[in-house]
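This report refers to the structure that appears directly beneath it.
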Amino acid sequence: MKILLINLFIFLFANLVFAQDNAITKLNNAYKNINDASGTFIQTSYIKDLDKTQKFKGKFFIKADRIRWQYEGQFPQIIYLNKETLIVYDKIRKQAIQSSFSEEKYGQLPLALLSRMADIEKDFEITEKSENTLILIPKTKMGNIKKIELIIHEEDFPIKSLKITDNASNTVKIDFYSVKININLKDSIFKFVPKKDDTVLKY
């Protein structure tokens, strides 16, 4: 009986490790083949203290270490992230705020995590996993991020959704749709060019 239990434990553990490695390998291999990507997203933000949920929709563009994240609807904003430079442009106010970006701001800007998924074992501890779901714990401080739930699939762009939970139990979930990869996005997409009546504030 003991031998059977031991063999069962080994079998379950081996399959769990295989599921983890398979998911990580699938993600890493897919990211290696991505030069650029664009698509649409739905972001669902939940603030625990207020028991309030908000939904936002928009488009995104990714190329190397550059991201353009475009919110549409009632509060249109465009976020430009180029390495360590962050620009948030408010279309209604015609105001752009430029600042430096660091790991401390990952909790405020979850979209930036997309540039960290090419080698997740370097940046995260994988504490729970299944065939298509990974629970990631940052190895170093990333703002107030507590954990990330990552769902992957077989599409060319491997991330189906990601959900960030912070230390206050607030969550931000982002679902990705209609993603196209390697379409040779122009560099100009990621460059903010202010108009004559725009105000640019630098911090």
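Name the residue that is nearest to residue 91 (Cα to Cα), counting only residues in segment 162-203 that are part of a strand (DSSP E or B) and among the aliphatic types (A, V, I, L, M). Steps first, please.
The initial filter retains those residues of segment 162-203 that are part of a strand (DSSP E or B), namely 162-166, 171-181, 199-202.
Pick out the ones that are also among the aliphatic types (A, V, I, L, M) and you get 162, 164, 172, 174, 179, 181, 200-201.
On the way: 162: 27, 164: 27, 172: 23, 174: 22, 179: 25, 181: 27, 200: 12, 201: 14 Å.
Once the filter is applied, the top-ranked residue is 200.
Within the option set 121, 84, 104, being within 21 Å of residue 172 (Cα to Cα), at pLDDT below 95 and surrounded by fewer than 17 Cβ atoms within 10 Å (Cβ to Cβ) holds for one residue only, 104. Residues that are touching a helix residue (DSSP H, G or I) at 6+ places or on another chain (Cβ under 8 Å) and surrounded by fewer than 18 Cβ atoms within 10 Å (Cβ to Cβ) do not occur anywhere in segment 157-175. Cβ-Cβ contacts under 9 Å between residues 6 or more apart (or on different chains), taken from a first residue in segment 78-104 that is on the phi > 0 side of the Ramachandran plot to a second residue that is part of a strand (DSSP E or B) and surrounded by fewer than 14 Cβ atoms within 10 Å (Cβ to Cβ), are listed as 94/199. When only residues in segment 38-63 that are in contact (Cβ under 8 Å) with a residue 40 or more places away in the chain and outside any strand (DSSP E or B) count, which is nearest to residue 172 (Cα to Cα)? Result: 48. Of all residues in segment 28-37, at least one satisfies being assigned to a strand (DSSP E or B) and either within 17 Å of residue 180 (Cβ to Cβ) or at pLDDT below 95 (or both).
Counting only residues that are out of contact with any Leu (no Cβ under 9 Å at 6 or more places or on another chain) and among the aliphatic types (A, V, I, L, M), which one in segment 23-75 is nearest to residue 158 (Cα to Cα)? The extreme case among them is 30.
The values are calculated or read from the model by the stated rules, or taken from the named source; none is laboratory data. Note that the structure is a prediction, hence the values are computed from the model and not measured. All Cβ positions, even for glycine, are placed from backbone atoms using ideal geometry, and neighbour counts span all protein chains on display.
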